Amino acid sequence: MNRIERLIGEMSLAEKLGQLTMTAAGHAVTGPIVAADATEAIKAGTIGNLLNLFGADRVREMQRLAVEESRLGIPLLIGFDVVHGHRTLFPIPLGEAASFDPQLWALTAREAATEAAADGLTMTFAPMLDVSRDARWGRSAEGPGEDPWLGARMAEAKVRGFQDADLCAADALAAVAKHYCAYGAVTAGRDYASVDISERTVHEVHMPPFAAAVAAGVAAVMPAFTDLAGIPMTANGALLTGWLRRRLKFDGVIVSDFNAVGELIRHGIAADLTQAAALALNAGVDIDMMADAYRRGLPTALERGWVSMADIDASVRRVLQLKARLGLFDDPYRRGKTPEAAPVIAARRQLARAAGARAIVMLKNDGILPLAESVRNLAVIGPLADAAAEMRGPWWGAADPEDPVSVLAGLRGMLGELRVPHQPGVEIDGENVAGIAGALELCAQADAILLCVGESAAMSGEAASRAHLGLPGRQRQLAEAVLERARALRKPVIAVLFSGRALIVPWLIERADAVLAAWFPGSEAGNAIADLIMGRLSPSGRTPVSWPCAMGQVPLFYGQRPSGRPGDPMDRFTSKYLDAPDAPLFAFGHGLTYGVFALSDLRVSADRVSENDTVEIRVDVANRGARTAEETVFLFTHDKLASVARPLLELKGFGKIRLNPGQSGTVTIFLDANELCFLGPDLEPVFEPGEVEILVGPCADRSRLLVATIHLVPPCP
Ligand code: NOJ
């Protein structure tokens, strides 16, 4: 009998339920703490997993209690939200998505895992894979944006990065794909609200990133807090056991969200903790995070015959198997053994700087950027300029609030203090406008004005939905005053927007000379921004969400299905708004560089394509600008005639090319024809013969895409 079966054979019910319980031991908390002090319970073997504890010494001590003082000596799983870095922060995930760079996604996850493992952690509650098309939802900041294909690529890269080749390595973390599934579709973008969308949308839009994470070997999955059409995900047996385990063949651990098992009572499907625990276990949830429902409820549920010992054992087995895969039985102290060397930490900061720059999207540039090195006086105005802590974004792991480089510090580091005067003007969210006059005074001496505005970090992330997506507080008043003064003085204004979502500020975008969407760039924010503004690097980020021009457009996404009455300005009875454009202000994929790129000569390797073929798609790219830059080229498809109406554009690939001024090259993108399968009328995948458009270009604006056509044919007999 192997070790795990032997242990299960020896365990009391209380010890088994301990392995199915995760409780908070420390710092960061996002909900009520139910299970109080864990120390005695760890020694008694009745708590087997912890969250929110980090620091090599502290972890070691808790692990010691479990391994050396409990009867069976089973090590603990210790998890934390290492979402976009641990102590060193990379850009928020929505920003990282904007880099469209799978290698970078994997690399930052690898570095985050290494740093967190050195702090004793074994599990990260990441990657967050919720596709989000509603900018009101604050958690858009934590995920990959609006596109399922992009989300799937990010899922693979992140799982690879966090877990590396071997989970038992001292620098590997178990990844947790969250929040399964469709959390991003909460009603009206309000966090924790009900989700009620079609089964097709669940599977076409929200499932692909999770399927990709499972295919990449993700160790664990976390169900969403939300219900899907009345069945909370924590009790959704059809999607947890039926789909995730049986259909996708996921054999890892399912860990509930914070107190989500207990919240089944408020959802209105469980009368008490006993019923809640039974519903969750029977649906497939192995670990109860923070509700303490399994320990308190499952003994009674077992007596009543609501759950079986076989199901409890199956969950315990999965948890112990994960602990074994993580190498915890062989050496529970392997993570956090060796402190990291200074050069390793320094190299990570350099990666954070590069990643920060790659995440930033230049939405607009009338030619003022990059600034000349000779700029004598750059007036830096706005409440986000000297706001180091905000640069961390809505979830900051273990990062010190003082640690990030602010915009001001980055620019002063590069240009010297005297050349970079600063006034905040207003607070991020206050009513006090007394500082506006001082800010305006800086404009007269300036060669250019950098306006740093946006949200505070706490205005996105969990429990941070917003109904108004403009600038909070009196920032608009400040920005308008600066724009007006600058126009009178003929001084250029560069706006840098900080946010966990697309902000709806068309007035600012129209009037500023250049606009950068910086999201929250992380530890090296100010240096990354300075690198771009001063032209040390060319911007290369592309927006992973369609950027709205009006609140009424939200939810907004490019992958819409055709209407029977497509919008026509000349025909009233067509699909459009009377008072706003239906197109976004910036299409998905939009982002300028310091190059000027022209695409030509789209070639497709085959005209007739069957399901197992791979099509090679090539397009020439020329840089007609005066600076070296990197262009991103997107591949979309459109299946024009199918048994189920297909979206007008579907992302299926992207490629990048870096070109010097005057240089040309070719981007090649491979398309596996089986990617053109879709869910037929019965929601099963089909490959239907017929014409498919291949559309290639710089963003999801059809008017800017080169088009070719291929014909899907049945395989040769
Ligand atoms: C609640 C969040 O929804 C989840 O993403 C996170 O992992 C847990 N809290 C633990 O912090």
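The values are calculated or read from the model by the stated rules, or taken from the named source; none is laboratory data. Since this is a predicted model, take the numbers as computed values, not measurements. Note that each Cβ is placed from the backbone with ideal geometry, even for glycine, and that neighbours are counted across all protein chains shown. Note: areas computed on protein heavy atoms with side chains; ligands, DNA, RNA excluded. Shrake-Rupley method; radii C 1.70, N 1.55, O 1.52, S 1.80 Å.
It is to be established whether one or more residues within region 95-107 are at pLDDT 95 or above, closer than 30 Å to Trp137 by Cβ, surrounded by 23 or more Cβ atoms within 10 Å (Cβ to Cβ) and within 16 Å of the ligand (Cβ to nearest atom).
Taking every residue of region 95-107 in turn, none turns out to be at pLDDT 95 or above, closer than 30 Å to Trp137 by Cβ, surrounded by 23 or more Cβ atoms within 10 Å (Cβ to Cβ) and within 16 Å of the ligand (Cβ to nearest atom).
Within region 78-107, can you find the residues that are assigned to a helix (DSSP H, G or I) and in contact with a strand residue (DSSP E or B) (Cβ under 7 Å, 6 or more places away or on another chain)? Please lay out each step first, then the result.
Start the filter on region 78-107 by keeping residues that are assigned to a helix (DSSP H, G or I), which leaves 93-97, 102-107.
Within region 78-107, just Pro93 meets the criteria.
Just to check your reading of the model, which residue among Phe225, Phe210, Phe250 is buried (at least 22 other Cβ atoms within 10 Å of the Cβ), touching a Phe, Trp or Tyr at 6+ places or on another chain (Cβ under 8 Å) and within 22 Å of Ala157 (Cβ to Cβ)? Reasoning before the result, please.
Working: Phe225 fails: within 22 Å of Ala157 (Cβ to Cβ); Phe250 fails: touching a Phe, Trp or Tyr at 6+ places or on another chain (Cβ under 8 Å).
So the residue among Phe225, Phe210, Phe250 that is buried (at least 22 other Cβ atoms within 10 Å of the Cβ), touching a Phe, Trp or Tyr at 6+ places or on another chain (Cβ under 8 Å) and within 22 Å of Ala157 (Cβ to Cβ) is Phe210.
Residue by residue, here is whether (1) surrounded by fewer than 24 Cβ atoms within 10 Å (Cβ to Cβ); (2) at negative phi; (3) touching an Asp or Glu at 6+ places or on another chain (Cβ under 9 Å) holds:
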site: Ala185; (1), (2), (3): no, yes, yes
site: Val202; (1), (2), (3): yes, yes, no
site: Gly230; (1), (2), (3): yes, no, yes
site: Ile269; (1), (2), (3): yes, yes, yes
site: Asp272; (1), (2), (3): yes, yes, no
site: Leu279; (1), (2), (3): no, yes, no
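Of all residues in region 518-547, how many are in a loop (DSSP other than H, G, I, E, B) and either surrounded by fewer than 24 Cβ atoms within 10 Å (Cβ to Cβ) or touching a helix residue (DSSP H, G or I) at 6+ places or on another chain (Cβ under 8 Å) (or both)?
Number satisfying all stated conditions: 17.
Take region 642-661 and flag every residue that is outside any strand (DSSP E or B), open to solvent by less than 70 Å² (accessible area, probe 1.4 Å) and out of contact with any helix residue (DSSP H, G or I) (no Cβ under 8 Å at 6 or more places or on another chain).
Ala642, Ser643, Ala645, Arg646, Pro647, Pro661
Could you tell me which residue of region 681-717 is farthest from Glu146 (Cα to Cα), considering only residues that are touching a Cys at 6+ places or on another chain (Cβ under 8 Å) and of a type outside the set (A, V, I, L, M)?
This residue is Phe687.
Report, ordered by the first and then the second residue, all pairs with beta carbons closer than 7 Å, sequence separation of six or more or different chains, a first member in region 220-231 that is more than 12 Å from the ligand (Cβ to nearest atom), and a second member that is among the polar types (S, T, N, Q).
Pairs found: Asp227/Ser194; Leu228/Asn236.
For region 282-306, which positions are among the aliphatic types (A, V, I, L, M) and open to solvent by 10 Å² or more (accessible area, probe 1.4 Å)?
Result: Leu302, single match.
Please work out which one of (1) in contact with a strand residue (DSSP E or B) (Cβ under 9 Å, 6 or more places away or on another chain); (2) open to solvent by 10 Å² or more (accessible area, probe 1.4 Å) is the condition Leu508 fails and give its number.
(2)
Are there any pairs with C-beta distances below 6 angstrom linking a residue in region 160-186 that is in contact (Cβ under 8 Å) with a residue 24 or more places away in the chain and in a strand (DSSP E or B) to a residue that is polar (S, T, N, Q) and more than 15 Å from the ligand (Cβ to nearest atom), with the two at least 6 apart or on different chains, and if so which?
Ala175/Gln163
Each row is one residue, and each column tells you yes or no for (1) within 15 Å of the ligand (Cβ to nearest atom); (2) more than 19 Å from Ala517 (Cα to Cα); (3) modelled with pLDDT of 95 or more; (4) open to solvent by 10 Å² or more (accessible area, probe 1.4 Å).
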site	(1), (2), (3), (4)
Phe80	yes, yes, yes, no
His86	yes, yes, yes, no
Pro91	no, no, yes, no
Ala116	yes, yes, yes, no
Ala170	no, yes, yes, yes
Lys178	yes, yes, yes, no
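What about Leu53, is it within 30 Å of Phe520 (Cβ to Cβ), at pLDDT 95 or above and within 16 Å of the ligand (Cβ to nearest atom)?
No; evaluated as a whole, the condition is false for this residue.
Yes or no: Leu240 under 22 Å from Gly217 (Cβ atoms), hydrophobic (A, V, I, L, M, F, W, C) and either in contact (Cβ under 8 Å) with a residue 40 or more places away in the chain or more than 15 Å from the ligand (Cβ to nearest atom) (or both)?
yes
Among the numbered criteria (1) open to solvent by 60 Å² or more (accessible area, probe 1.4 Å); (2) closer than 20 Å to Pro544 by Cβ, which one does Pro681 miss?
It is condition (2) that Pro681 fails.
Give me a count of the residues in region 256-287 that are assigned to a loop (DSSP other than H, G, I, E, B) and either within 15 Å of the ligand (Cβ to nearest atom) or of a type in the set (Phe, Trp, Tyr) (or both).
Of the residues in that region, 9 qualify.
Part of a loop (DSSP other than H, G, I, E, B), within 16 Å of the ligand (Cβ to nearest atom), at pLDDT 95 or above and open to solvent by 20 Å² or more (accessible area, probe 1.4 Å): does that describe Glu462?
Judged against the criteria, Glu462 is a match.
Restricting to region 345-387, what's the tally of residues that are in contact with a Phe, Trp or Tyr (Cβ under 8 Å, 6 or more places away or on another chain) and either assigned to a helix (DSSP H, G or I) or basic (Lys, Arg) (or both)?
Residues in region 345-387 being in contact with a Phe, Trp or Tyr (Cβ under 8 Å, 6 or more places away or on another chain) and either assigned to a helix (DSSP H, G or I) or basic (Lys, Arg) (or both): 5 in total.
With Arg136, Arg60 as the choices, which residue is more than 16 Å from the ligand (Cβ to nearest atom), surrounded by fewer than 24 Cβ atoms within 10 Å (Cβ to Cβ) and in a loop (DSSP other than H, G, I, E, B)?
Of the residues listed, the single one that is more than 16 Å from the ligand (Cβ to nearest atom), surrounded by fewer than 24 Cβ atoms within 10 Å (Cβ to Cβ) and in a loop (DSSP other than H, G, I, E, B) is Arg136.
Of all residues in region 325-350 being open to solvent by less than 40 Å² (accessible area, probe 1.4 Å) and basic (Lys, Arg), which is nearest to Asp119 (Cα to Cα)?
Ranking the qualifying residues of region 325-350, first place goes to Arg335.
Out of all the residues in region 288-303, is one or more part of a loop (DSSP other than H, G, I, E, B) and more than 16 Å from the ligand (Cβ to nearest atom)?
no
Output the residues belonging to region 469-500 that are small (Gly, Ala, Ser) and outside any loop (DSSP other than H, G, I, E, B).
Ala479, Ala481, Ala486, Ala488, Ala495
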